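The values are calculated or read from the model by the stated rules, or taken from the named source; none is laboratory data. If you're wondering where the values come from, they're calculated on a predicted model, not measured in any experiment. Cβ sites come from the backbone with ideal geometry, for glycine too, and all protein chains shown count toward neighbours.
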Amino acid sequence: MRISVQEQAFDLGAETSCFAAGHKDMGAIVTFTGIVRDLPDDPLIAMEIEHYPGMTEAALTEIAQTAVDRWSLGDALVIHRHGRLIPGEMIMMVATASRHRKDAFEAAEYLMDYLKSRAPFWKREITAQGEGWVASKSEDEDALKRW
Amino acid sequence: MIDVLYFAWVRERIGLPREQVKTTAKTVADLVVELRSREERYDLAFSDLSALRVAVDQKLTDFDASLSGVREVAFFPPMTGG
């Protein structure tokens, strides 16, 4: 299991290949990548991501360990960036490895649902019209109920 | 002494990222009452607790959490990771 909270960009292909290479006994690798999305009505100049050093790593480790245990994963990877990003840049990725695909997909969804609202990151959008903190959505909180 | 940390708009409203607070508060809620009585910017930042989350020693918890033996308390809005 690897957790990385980092400012610098990551190479999705290299990270995925490296993750997949170590698991001969795992038949399924699922990855999810989050991208900074432009806003339709108000062009996004940048997104700034603040986090809570120390707690962020601990929270991500706990979330990933829960997924590994629950779905008997062979491995899990979480990379999440912070700092200033521009539209089109990759914010984060998760990868899960399991014997069969269902577990890998479910575990990846679980990781995403939890790190949306239980990992201490806060997004701030800077647009041509101004800037402001991204509000959390009630759907994100509701998404946790299915687990 | 407890280290009190603020993130996102809580940090902006209070005007600093962290401070050391000398307190006899027994719970997070007591600490909030103490902070609110300090100055208007604190009062404003803590005016709606339903819009805030709290972590004690880097673990997400509730406002009724005990501060016994605690070193660090952080206040922040709901998280928006992913």
Residues that are surrounded by 16 or more Cβ atoms within 10 Å (Cβ to Cβ) and part of a strand (DSSP E or B), drawn from the range B:21-57: B:Thr27, B:Arg53, B:Val54, B:Ala55, B:Val56
From A:Val94, A:Val5, A:Val30, grab the single residue that is away from every other protein chain (no Cβ under 12 Å) and in contact (Cβ under 8 Å) with a residue 24 or more places away in the chain. A:Val30
Checking A:Ala128 against (1) within 7 Å of another protein chain (Cβ to nearest Cβ); (2) within 24 Å of B:Arg13 (Cα to Cα); (3) not polar (S, T, N, Q), the condition it does not meet: (1)
Would you mind stating whether B:Val10 is surrounded by 19 or more Cβ atoms within 10 Å (Cβ to Cβ) and either of a type in the set (Ser, Thr, Tyr) or touching a Pro at 6+ places or on another chain (Cβ under 7 Å) (or both)? yes
Looking at (1) within 19 Å of A:Gln6 (Cα to Cα); (2) within 14 Å of another protein chain (Cβ to nearest Cβ); (3) crowded, with 21+ Cβ neighbours inside 10 Å, can you tell me which one A:Ala76 breaks? (2)
How many residues are closer than 22 Å to A:Glu62 by Cα, of a type in the set (Ser, Thr, Tyr) and touching a residue at least 24 places away in the same chain (Cβ under 8 Å) when one looks only at the range A:98-147? 4
Show the residue pairs that are 6+ apart or on different chains and have beta-carbon atoms under 8 Å apart, the first residue being within the range A:65-88 and over 14 Å from A:Ala46 (Cα atoms), the second being modelled with pLDDT of 95 or more and among the acidic types (Asp, Glu). A:Val68/A:Asp75; A:Trp71/A:Asp103; A:Trp71/A:Glu106; A:Ser72/A:Asp103; A:Leu73/A:Asp103; A:Leu77/A:Glu15; A:Ile79/A:Glu15
Residues being outside any loop (DSSP other than H, G, I, E, B), touching a residue at least 24 places away in the same chain (Cβ under 8 Å) and of a type outside the set (A, V, I, L, M) - total across the range A:8-27: 3
I'm trying to understand the selection: among the residues of the range B:58-82, which are at the interface with another protein chain (Cβ under 8 Å from one of its Cβ atoms), touching a residue at least 40 places away in the same chain (Cβ under 8 Å) and either surrounded by 19 or more Cβ atoms within 10 Å (Cβ to Cβ) or part of a strand (DSSP E or B) (or both)? B:Ala74, B:Phe76
